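Remarks on the structure that follows.
The values are calculated or read from the model by the stated rules, or taken from the named source; none is laboratory data. Bear in mind that the values here come from a model prediction, so they are computed numbers and not experimental data. All Cβ positions, glycine included, derive from the backbone under ideal geometry; neighbour counts span all protein chains shown.
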Amino acid sequence: MKLSNYFLPIIKEIPSDAKIKSHQLMIRTGMIRQSTSGIYSWLPLGFKILKKIENIVRDEQNKAGAIEMLMPTIQSAEIWKESGRYDSYGQEMLKINDRQKRELLYGPTNEELITQIFRDNIKSYKSLPLLLYHIQWKFRDEIRPRFGIMRCREFLMKDTYSFDLNEKNAEISYYKMMLSYLKTFERFNLKAIPVKADTGPIGGNLSHEFIILADTGESEIFTDSEIFNFETKLLEYNDVSLKKLSSHFSKFYSSTSDLHDVNKFQKQVPKKNQIIKKGVEVGHIFYFGQKYSKSLNAIVNTRESKSVNVYMGSYGIGVSRLVGAIIEANYNNNFMKWPKSVTPFQAVIINLGKDNDTVTIKANNLYQKLIHNKFDVILDDTDANPSSKFKNFELIGIPFQIIVGSKHHDDEFEFKELGKDSKIVNLDSLISILKEEYSNC
RNA sequence: CGGGGCAUAGCGCAGCCUGGUAGCGCAUCUGGUUUGGGACCAGAGGGUCGCAAGUUCAAAUCUUGCUGCCCCGACCA
């Protein structure tokens, strides 16, 4: 992509409405623009990052054996009346009437709809276990939206639903998702801590929130530093691995403020290990058993020809919120820096030359070479001042810059990783460095 | 939903108290000089001053109502 052809509206001033860093940076770098309170447009840069995050979430869901589908944003009120949540969900639900005065709603979550689909189509234990997910926009009419996309009304969420024949199997599905979540967040270089959580309006009795530590977070967590001593890389989706996982995370104290037990915390966690920090909730998993399968009548036959209401769980990741959470976790005073897995461009070529001079030709040739090698790069081919180019691309946080100016010879390129000193490399090693850096993404 | 604040050019703001031809900075466009850390000169375009009503010879300015947005709180992914 050439910057001159791209849509990247950068703002020099800090927007007065934006109070936290991720919100400010997303506005300034032209990632998002507010449409109305709590509702945002995703401009090309932000959209690209959002999609990259979405794809990683998708990839890890697929690896865990979940199957993707897509349910609509608009749902009928009927099934919500059946489950009893049409009234109990409260004012966060956006209710809509169509021209026939039919009662519709913009889905805040999909337990009812997926359960309806399940009950209408699955009748046998042989179809179980089943993990279905979709990545779809949700709407929750927050009392007070704030912090940009961190607490907004319309947001992109991945939600998975598990269906099992009994409680024991359902627990396996639950821990599969827990493992999948840990692996997912690691791919963003984020440390997400699973903490025991309140089940809220979703209902149920086993639940973890996944919290990313950040001072601007809205959740407070209490945990044991030992909980971090855990390696998910070698764990697979089998009984042995899942058992290891569940025993590790039940061994150590970790709680949100809702369920926090001060005495237990003091007794169970050695002073030096006590962690009390703020964080951003980026995922939430629930096991709720037969809550919806009973109210919505989702029944399968067992091997013994008995009817059983299926045991279910639901598992959410705030995909759009993750964009903000990743920024909150990665910025410093001078710039933010995207993890390589989600960076909007893998590298930026900053051309400091003038029209048609040798520097510009060199920069264009490099651009072609990198495109040819399948790198996703952006070339700053504008005639802005060098200083503003440097500032802007630091702000945007692309991890690697290649600066092409008149200082260096034909086969010398200035290669700079954000936050580090630049070094001079030739074309071949430039390409192999980039290949190496992006080999895991 | 309670409390507070704001609404004037794309963005950030001044003007309002004390009514009298709409301003500044940044951004944009044109021309020129620049080009390794947010450059300079000259010029240009861009506004039903959130909406509606009222007071007045005259309203961005005073009054009333409405709408939108932001902040604090309770609530929540």
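Being over 25 Å from A:SER439 (Cβ atoms) and either in contact with a Ser or Thr (Cβ under 6 Å, 6 or more places away or on another chain) or among the polar types (S, T, N, Q) (or both) is the filter; apply it to segment A:355-367 and report the residue that is farthest from RNA strand B (Cβ to nearest atom). Going through the qualifying residues, I end up with A:ASN364. Name the residue that is farthest from the chain's Cα centre (by Cα), counting only residues in segment A:32-46 that are part of a loop (DSSP other than H, G, I, E, B) and surrounded by fewer than 19 Cβ atoms within 10 Å (Cβ to Cβ). Out of the qualifying residues, it is A:SER37. Residues of segment A:239-261 that are without any contact (Cβ under 8 Å) to a residue 60 or more places away in the chain and outside any helix (DSSP H, G or I): A:PHE252, A:TYR253, A:SER257, A:HIS260, A:ASP261.
Set side by side, the residues A:SER162, A:SER173 differ, and just one is more than 18 Å from the chain's Cα centre (by Cα), in a helix (DSSP H, G or I) and either within 15 Å of RNA strand B (Cβ to nearest atom) or buried (at least 19 other Cβ atoms within 10 Å of the Cβ) (or both), which is A:SER173. Looking at segment A:103-129, which of the residues that are part of a loop (DSSP other than H, G, I, E, B) and in contact with a helix residue (DSSP H, G or I) (Cβ under 8 Å, 6 or more places away or on another chain) is surrounded by the most Cβ atoms within 10 Å (Cβ to Cβ)? The residue in question is A:GLY107.
Residue-wise test of (1) assigned to a strand (DSSP E or B); (2) touching a Lys or Arg at 6+ places or on another chain (Cβ under 6 Å); (3) among the polar types (S, T, N, Q); (4) assigned by TED's automatic domain parsing to the domain that holds A:SER388.
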site: A:ASN263; (1), (2), (3), (4): no, no, yes, no
site: A:ILE275; (1), (2), (3), (4): yes, no, no, no
site: A:GLY283; (1), (2), (3), (4): yes, no, no, no
site: A:PHE288; (1), (2), (3), (4): yes, no, no, no
site: A:MET312; (1), (2), (3), (4): yes, no, no, no
site: A:ALA325; (1), (2), (3), (4): no, no, no, no
site: A:TRP338; (1), (2), (3), (4): no, no, no, no
site: A:ILE350; (1), (2), (3), (4): yes, yes, no, yes
site: A:LYS362; (1), (2), (3), (4): no, no, no, yes
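Could you tell me whether segment A:56-67 includes any residue that is surrounded by 19 or more Cβ atoms within 10 Å (Cβ to Cβ), among the charged types (D, E, K, R), touching a residue at least 40 places away in the same chain (Cβ under 8 Å) and over 28 Å from A:LYS176 (Cα atoms)? For segment A:56-67, residues surrounded by 19 or more Cβ atoms within 10 Å (Cβ to Cβ), among the charged types (D, E, K, R), touching a residue at least 40 places away in the same chain (Cβ under 8 Å) and over 28 Å from A:LYS176 (Cα atoms): absent. Those strands (runs of 3 or more DSSP E) of segment A:368-441 in which at least 3 residues are near RNA strand B (Cβ under 10 Å from one of its atoms), considering only elements entirely within it, cover A:400-404, A:413-417. For segment A:1-19, a residue qualifies if it is crowded, with 19+ Cβ neighbours inside 10 Å and either among the β-branched types (Val, Ile, Thr) or under 14 Å from A:CYS152 (Cα atoms) (or both), but none of them does. For segment A:338-359, which residues satisfy the criterion of being modelled with pLDDT under 95 and either under 15 Å from A:ILE398 (Cα atoms) or hydroxyl-bearing (Ser, Thr, Tyr) (or both)? Across segment A:338-359, the qualifying residue is only A:THR358.
A quick yes/no check of all residues on (1) over 30 Å from the mean Cα position of the chain (by Cα); (2) β-branched (Val, Ile, Thr); (3) under 30 Å from A:GLY148 (Cα atoms); (4) surrounded by 24 or more Cβ atoms within 10 Å (Cβ to Cβ):
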{"site": "A:ASN297", "(1), (2), (3), (4)": "yes, no, no, no"}
{"site": "A:LYS306", "(1), (2), (3), (4)": "yes, no, no, no"}
{"site": "A:VAL310", "(1), (2), (3), (4)": "no, yes, no, yes"}
{"site": "A:GLY324", "(1), (2), (3), (4)": "no, no, yes, yes"}
